[in-house]
Amino acid sequence: MFIGAQVSLYPMTSDFVDVILSGLEALSPHREKLRIETDDVSTLMVGAPEPLFDAIRDLFARAAKGPAHVTLHATISRGCPGEPDDELCRCEALTVGQSLPLEERRALAAAAVKQAPVLGVEIDVQFSLYVLGQDRHMDEIYGCIDFLKTSGTFLKSKNFCTRLSGDAGPVFETVRQAFLRFGPAEGHVTIDLTASANSPSKR
């Protein structure tokens, strides 16, 4: 299976270079478990969901610790039939977890969010989960929505997406669990995610 994300960070400050470089420094502990390639548009991260979401979380949390308004956009995918298998992407949680009934998967996802580290960085996220190539995809999406509403990070439903809010640790764990627990284990599942911190419009 191929699992990865294209991630772009947007600091709203004249010191944007320092903010971006600081965020990229936060990826250092994850480089042994991920393939990371950065260019002038985005950073590609390839690997299993555990280090992948930790890396995205840490990149954004580091950038969001400053006073500047920062946003992040990520396209996250697993099981794309157009990509080759990659050894870095092995994930036992996918193959074991997807054999469980939907209700059990929701419970496991909620328990994982409760165990997430608190990073002391408040963020807002909106994201959409896409379960591709499956006739009963809405069952998985509705199951995911039920989980989100009990996650402790749910803010509100919007057209085409769901808003989450709270500390970066539990919020990114909520998104990781949505990615891990819903949709077929060998199927193509994607997430479109936008994160924001320090927005002046919230003040």
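The values are calculated or read from the model by the stated rules, or taken from the named source; none is laboratory data. Remember, predicted model here, so these are calculated numbers, not experimental data. Note that each Cβ is placed from the backbone with ideal geometry, even for glycine, and that neighbours are counted across all protein chains shown. Remember, those area values only see protein heavy atoms, side chains included, never the ligands or the DNA or RNA. Shrake-Rupley method; radii C 1.70, N 1.55, O 1.52, S 1.80 Å.
If DNA, RNA and ligands are ignored and the probe is 1.4 Å, what is the ranking of M12, M1, M45 by accessible area, most exposed first? Show your work: numbers first, answer last.
Values: M12 105, M1 50, M45 0 Å².
I get M12, M1, M45, largest accessible area first.
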TODO: Among G166, G82, V41, pick out the residue whose Cα is farthest towards the positive end of the charge dipole of the chain, where Lys and Arg carry +1 and Asp and Glu carry -1 on C-beta, about the Cα centre.
DONE: G166
Open item on the list: At 1.4 Å probe radius, can you tell me the per residue accessible area of the chain in Å²?
Closed with: 49 Å²
TODO: Under a cut-off of 25 Å between alpha-carbon atoms, report the lysines in cross-link reach of K158, not counting same-chain residues fewer than 8 places apart.
DONE: K114, K149, K202
Task: Value of relative contact order over the chain, rounded to a whole percent, pairs C-alpha under 8 Å and six or more apart - done: 29 percent
Open item on the list: Taking the full set of protein chains and a 1.4 angstrom probe, give the accessible area of E140 in square angstrom, rounded to the nearest 10.
Closed with: 20 Å²
- [ ] May I ask you to evaluate 6.51 cos²θ - 1.76 cosθ + 1.60, the Karplus curve with θ = phi - 60°, for each residue of region 59-73 and list the ³J(HN,Hα) values in order in whole Hz, giving x for glycine and proline?
- [x] 4, 6, 4, 5, 5, 7, 6, x, x, 6, 6, 10, 10, 9, 10
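For region 48-203, compute Rh as the Kirkwood radius over C-alpha pairs and then the Stokes-Einstein diffusion coefficient at 37 °C and 0.692 mPa s; write the answer in µm²/s, rounded to an integer.
In µm²/s, the coefficient is 207.
Could you rank R105, R62 by how accessible they are, 1.4 Å probe, largest area first? Could the numbers behind the result be given before it?
Numbers: R105 15, R62 95 Å².
Per-residue accessible area, sorted high to low, gives R62, R105.
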Open item on the list: Let me check something: with ligands and nucleic acids excluded, how do L132, L102, L164 order by accessible area (1.4 Å probe), largest to smallest?
Closed with: L132, L102, L164
TODO: Quantify, in whole percent, the carbon and sulfur part of the accessible surface of region 1-102 (1.4 Å probe; protein heavy atoms only).
DONE: 54 percent
Open item on the list: What is the angle, in °, between the Cα long axis of helix 168-181 and the longest principal axis of the Cα atoms in the chain? Nearest 10 is fine, range 0 to 90.
Closed with: 30 degrees
- [ ] Enter the angle in degrees (range 0 to 90, nearest 10) between the Cα long axis of helix 16-25 and the first principal axis of the Cα atoms of the chain, meaning the one along which they spread out most.
- [x] 50 degrees
